[in-house]
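The values are calculated or read from the model by the stated rules, or taken from the named source; none is laboratory data. The structure displayed is predicted, hence computed values, not measured ones. As a convention, Cβ positions derive from the backbone with ideal geometry for all residues, glycine included, and neighbour counts pool all protein chains shown. The accessibility values were calculated without ligands, DNA or RNA, using every heavy atom of the protein model including side chains. Shrake-Rupley method; radii C 1.70, N 1.55, O 1.52, S 1.80 Å.
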Amino acid sequence: MTPPQTAPDTPNIVAEATSECCSAHAATGEHGYTKNKDAHVKRLRRIEGQIRGLQRMVDEDVYCIDILTQVSASTKALQSFALQLLEEHLRHCVAHAAQDGGAEMDAKVEEATAAIARLLRT
């Protein structure tokens, strides 16, 4: 899988993603977020609009503090989205692995813990 192209000053965090599916996905054909996919896409488009608004603010030489306020709002929106996605992952993928037990359960708990650690670093 070729990672998507990014701007030179944009870190390619997609490269960290794995293409593995969990046993819950294999069993149901769905990811944890599938039932809320339309709402998630709508939410991400709204966040995208906030980011475009930031670009416009810089282009229009808006006062720094006003831009920082918008950065904070955008960051909070992304964090909120991430928490929702994490909750759905825990309820779907991790819960399914916990029912099965064994090595997959341990792997899913470690994977979720690593995801939480990444979220806390931001």
Quiz prompt | Tabulated pairs, segment 74-102, first in contact (Cβ under 8 Å) with a residue 24 or more places away in the chain, second open to solvent by 40 Å² or more (accessible area, probe 1.4 Å) and among the small types (Gly, Ala, Ser), C-beta under 8 angstrom, 6+ apart or interchain | solution = His96/Ala27; Ala97/Ala107
Exercise. Would you mind stating whether Leu68 is open to solvent by 60 Å² or more (accessible area, probe 1.4 Å) and under 14 Å from the mean Cα position of the chain (by Cα)?
Key: no
Exercise. Those residues that are of a type in the set (Gly, Ala, Ser) and outside any helix (DSSP H, G or I), I need them from segment 56-109; list them, please.
Key: Gly101
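Given the residues Thr28, Thr18, which is the only one that is modelled with pLDDT under 90, surrounded by fewer than 14 Cβ atoms within 10 Å (Cβ to Cβ), within 20 Å of Glu110 (Cβ to Cβ) and hydroxyl-bearing (Ser, Thr, Tyr)?
Details: Thr28 fails: within 20 Å of Glu110 (Cβ to Cβ).
Every option except Thr18 fails the conditions.
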Quiz item: Would it be correct to say that Glu60 is modelled with pLDDT of 85 or more and open to solvent by 40 Å² or more (accessible area, probe 1.4 Å)?
Solution: yes
Quiz prompt | Subset tally (residues that are open to solvent by 40 Å² or more (accessible area, probe 1.4 Å), more than 23 Å from Val41 (Cα to Cα) and not hydrophobic (A, V, I, L, M, F, W, C)) for segment 82-111 | solution = 8
